[in-house]
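Down below is the structure, laid out as structure tokens.
The values are calculated or read from the model by the stated rules, or taken from the named source; none is laboratory data. No experiment lies behind these values; they were computed from the predicted model shown. Neighbour counts run over all protein chains shown; Cβ positions are idealised from the backbone, glycine included. All accessible areas refer to the heavy atoms of the entire protein, side chains included, with ligands and DNA or RNA removed. Shrake-Rupley method; radii C 1.70, N 1.55, O 1.52, S 1.80 Å.
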Amino acid sequence: GEDVEQSLFLSVREGDSSVINCTYTDSSSTYLYWYKQEPGAGLQLLTYIFSNMDMKQDQRLTVLLNKKDKHLSLRIADTQTGDSAIYFCAESVSGNTPLVFGKGTRLSVIA
Amino acid sequence: DGGITQSPKYLFRKEGQNVTLSCEQNLNHDAMYWYRQDPGQGLRLIYYSQIVNDFQKGDIAEGYSVSREKKESFPLTVTSAQKNPTAFYLCASSAPLYEQFFGPGTRLTVL
């Protein structure tokens, strides 16, 4: 079945770059997403990438997709304490179908 | 303002009770979803609906029921058959080719 894997924890110093990695198994995945969740809150969409793209940049966020290896990464430049949260990788076959989520990576930013 | 609302924010259930979680959206989205989140886990799909009067079971539908009588509304009932209902419940909606937007969540606790 479909599966999405992420490392569970990442700790970085304020001002450094953070890189969160994700692997997925479904080769028919068309949309790949990064969501952010702060304590007690819902999920906030950070960015997404289509499977026919290699890279997408949006201000401090850079998403890299290696479709051959089914590997997705999210780089956050100049990480701030406000970036501390859980980051979820998710994939779907189309834009109107359920998402399959990883277990989330808890990012801790040390001042 | 367009968005997804969930109510209540916190809900307490006694053993053997059915409870209903509300989810409303004014984004004119066709599809709506219910996910369950447990500590340290990703989100798991309970039910989803891609059109009014139709819905599909997700991976963990046992002990839950839904209805979709209106486009804007997708309530979830947690029945007494759900043996371990304590969790954070997230509702989402999407339109074709667009990302999923999430509500703020309902935290259900069994007393």
Hey, with R₀ at 22 Å, roughly what FRET efficiency would residue A:26 and residue A:68 work out to, going by the Cβ-Cβ distance, to 0.05? 0.95
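Using the crude model of +1 on Lys and Arg Cβ and -1 on Asp and Glu Cβ, and no other charge, please compute the dipole size for the stretch A:1-107 relative to its Cα centre, in debye to 20. Present the calculation step by step, with values, prior to reporting the outcome.
Numbers: 10 positive and 13 negative charges, 14 e Å.
Around 60 debye, computed over the stretch A:1-107.
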Inter-label distance for residue B:69 and residue B:38, nm, one decimal - labels placed 7 Å from Cα along Cα-to-Cβ: 3.3 nm
What whole-number value in Å² describes the accessible area per residue of chain B for a 1.4 Å probe? 50 Å²
Roll a 1.4 Å probe over the protein chains and send me the accessible area per residue for chain A in Å². 48 Å²
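Per residue and in Å³, how big is the convex hull formed by the alpha-carbon atoms of the stretch B:60-111?
Values: hull volume 5.3 nm³, N = 52.
Given the Cα convex hull of the stretch B:60-111, per-residue volume reads 102 Å³.
Mind checking the stretch A:29-111 for trypsin sites (Lys or Arg not before Pro) that DSSP puts in a loop (not H, G, I, E or B) and that have at most 12 other Cβ atoms within 10 Å? Kindly include the intermediate steps, with their values, before the conclusion.
On the way: sites: A:36, A:56, A:60, A:67, A:68, A:70, A:75, A:103, A:106; in loops: A:60, A:67, A:68, A:70, A:103.
Counting only loop positions with at most 12 other Cβ atoms within 10 Å, the trypsin sites (Lys or Arg not before Pro) in the stretch A:29-111 are A:68.
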What is the diffusion coefficient of chain A in µm²/s, taking the Kirkwood radius over Cα pairs and the Stokes-Einstein relation at 25 °C with a viscosity of 0.890 mPa s? 175 µm²/s
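Just the number: Rg to Rh for the protein assembly as shown, Cα atoms, Kirkwood Rh, two decimals. Write down the numbers at each step before the final one.
Working: Rg = 17.5 Å, Rh = 18.0 Å.
That ratio is 0.97, to two decimals.
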May I ask for the equivalent-ellipsoid semi-axes of chain B, computed as the square root of five times each C-alpha gyration tensor eigenvalue and listed largest first in whole Å? 22, 14, 13
Farthest toward the dipole's positive end in the protein assembly as shown, which of B:26, B:73, B:11, given Cβ charges of +1 (Lys, Arg) and -1 (Asp, Glu) about the Cα centre? B:11
Add +1 for every Lys or Arg and -1 for every Asp or Glu among the other residues with Cβ under 13 Å from the Cβ of residue B:89, and state the total. +4
With springs only between Cα atoms under 10 Å apart, run a GNM on chain A and tell me which of A:85, A:41, A:77 wobbles the most. A:41
To the nearest hundred square angstrom, how large is the accessible surface buried between B and A, total for both chains, probe 1.4 angstrom? 1700 Å²
